[in-house]
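Chemist: Structure incoming, see below.
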């Protein structure tokens, strides 16, 4: 290693944890969808908060920008370099310890590099639930989840990633460490600083650890695969289930027939529970008591004219099979123009109808893969195949135009990254942008934290 800057970093984290060769850095400088790739001076892998702090200080001295990276499972290019200036990738993967699990306080303190599924397992071992759950949970890391304010399938009952956090530890853009690891549910002593870093995508500092909320672990679950006539019936069914089942309703996912067909083609071993329908809902209840009682509750709730047909899982294995369909949808239609939008729940049917008509007019026959978390108004609305990627800007204008018309958001849970940075700037009010930039300047006056992302 003959680069003086990289040698200084190696002195902090160890030579084996500074990667500079093209083959070594390739997985870190390319995003998951392989849509973004740019060179970095190196990849640095600290193992402690103190090492992160020292790396940041060294970068400040050399004027080198920092791209914080978790599991690199994002869909918006937020965790890879832009190639527009000197940059390093700072991987948090070695910062992966669970520091404390306090079952009596229902909290777990985890470092940023902890894989989401590992936190879930640690909570389960203590007979608790960590509620954040998403398709990439086997490889995504909690620091990345928090930096993008991830959503997932349990938002309906437990809220977004932001709602799972009591305290944070973060390394600021000048290398100082803010210790806000408070395990308090009430702390009314000024600005809630942790919320600055959650959803900021590493542009204001680097999350290194968090105090996360745990919940009682449900002893019973009931899962149903439900055929509905159309999205309007799905929204009506959501309201009905919320009234009849209350807080037991933890998930309510909508999938189009095209999504199911894509999954069964991609993984022939997955069985289509109700062939021939146009739209489906995957709903789940969770509670104390027995699964038999909860299944009966769900069956009674589904005895309504809002459904065409339904299959209720008889056991955990059948439930997992139904969830496998939903979790495989992102992989089954990997290469197309993707959108992660949100509208008011009541406007979901109108959005689907309007956007579908507009896409058909512009690109007759283009497939549309519509699925998502109807319970919180978040749809993944993906259009076409690889042939439309070159025209993604045109497709975006059509889809985002319908989102705008209904007062929605073009980024619900995947973040902004590089993909939506310019689109967001066009949609934010001037005052809102001014306030965001003022915060950025105050915390990161040199602009070294994840440049080219968000703002």
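Chemist: Filter region 275-298 down to the residues that are without any contact (Cβ under 8 Å) to a residue 60 or more places away in the chain and within 23 Å of residue 239 (Cα to Cα) and list them by number.
Modeler: 277, 278, 279, 280, 282, 296
Yes or no, residue by residue, for (1) over 22 Å from residue 98 (Cβ atoms); (2) modelled with pLDDT of 95 or more:
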{"position": "166", "(1), (2)": "no, yes"}
{"position": "169", "(1), (2)": "no, yes"}
{"position": "172", "(1), (2)": "yes, yes"}
{"position": "176", "(1), (2)": "yes, yes"}
{"position": "183", "(1), (2)": "no, yes"}
{"position": "188", "(1), (2)": "yes, no"}
{"position": "196", "(1), (2)": "yes, yes"}
{"position": "203", "(1), (2)": "yes, yes"}
{"position": "208", "(1), (2)": "no, yes"}
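Chemist: Let me ask something else about it. Residues that are more than 18 Å from residue 183 (Cα to Cα) and in contact (Cβ under 8 Å) with a residue 60 or more places away in the chain: does region 97-106 have at least one?
Modeler: Scanning region 97-106, I find no residue that is more than 18 Å from residue 183 (Cα to Cα) and in contact (Cβ under 8 Å) with a residue 60 or more places away in the chain, so the answer is no.
Here's the yes/no breakdown for (1) surrounded by fewer than 20 Cβ atoms within 10 Å (Cβ to Cβ); (2) farther than 14 Å from residue 338 by Cα; (3) at pLDDT below 95:
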site	(1), (2), (3)
390	yes, no, yes
396	yes, no, no
408	no, yes, no
439	yes, yes, no
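Chemist: Conditions first: (1) closer than 29 Å to residue 323 by Cβ; (2) surrounded by 21 or more Cβ atoms within 10 Å (Cβ to Cβ); (3) in contact with a helix residue (DSSP H, G or I) (Cβ under 8 Å, 6 or more places away or on another chain). Residue 402 passes all but one, so which condition is the exception?
Modeler: For residue 402, the exception is condition (1).
Chemist: Take residue 352 and tell me if it is surrounded by fewer than 21 Cβ atoms within 10 Å (Cβ to Cβ) and either over 30 Å from residue 77 (Cβ atoms) or touching a residue at least 12 places away in the same chain (Cβ under 8 Å) (or both).
Modeler: Values: surrounded by fewer than 21 Cβ atoms within 10 Å (Cβ to Cβ): no; either over 30 Å from residue 77 (Cβ atoms) or touching a residue at least 12 places away in the same chain (Cβ under 8 Å) (or both): yes.
Here the answer is no, as residue 352 does not meet what is asked.
Chemist: Any idea which of 361, 328 is within 18 Å of the chain's Cα centre (by Cα) and either free of Cβ contacts under 8 Å to residues at least 60 places away in the same chain or farther than 26 Å from residue 405 by Cα (or both)?
Modeler: 328
Chemist: Now for a separate question. Determine which member of the set 27, 46 is in contact (Cβ under 8 Å) with a residue 24 or more places away in the chain, farther than 18 Å from residue 85 by Cα and outside any helix (DSSP H, G or I).
Modeler: Within the list 27, 46, the selection yields 46.
Chemist: Condition first: out of contact with any strand residue (DSSP E or B) (no Cβ under 9 Å at 6 or more places or on another chain), modelled with pLDDT under 95 and more than 20 Å from residue 372 (Cβ to Cβ). Can you find one or more residues in region 246-262 that meet it?
Modeler: Step one: list which residues in region 246-262 are out of contact with any strand residue (DSSP E or B) (no Cβ under 9 Å at 6 or more places or on another chain), which gives 246, 261.
Filter again for modelled with pLDDT under 95, leaving 246.
Now narrow it down to the ones that are more than 20 Å from residue 372 (Cβ to Cβ): 246.
Yes, the conditions are met somewhere in region 246-262.
Chemist: Would you confirm whether or not region 414-433 contains a residue that is part of a loop (DSSP other than H, G, I, E, B), without any contact (Cβ under 8 Å) to a residue 40 or more places away in the chain and surrounded by fewer than 18 Cβ atoms within 10 Å (Cβ to Cβ)? Quick ask: steps written out before the conclusion?
Modeler: First pass over region 414-433, keeping only residues part of a loop (DSSP other than H, G, I, E, B): 414-420, 428-429.
Next cut, without any contact (Cβ under 8 Å) to a residue 40 or more places away in the chain only: 428-429.
Keeping just the survivors that are surrounded by fewer than 18 Cβ atoms within 10 Å (Cβ to Cβ) gives 428-429.
Yes, that holds for at least one residue.
The values are calculated or read from the model by the stated rules, or taken from the named source; none is laboratory data. Everything numeric here is computed off the predicted structure, so don't read it as measured data. Please note: Cβ atoms are built from the backbone with ideal geometry, for glycine as well, and neighbour counts cover all protein chains shown.
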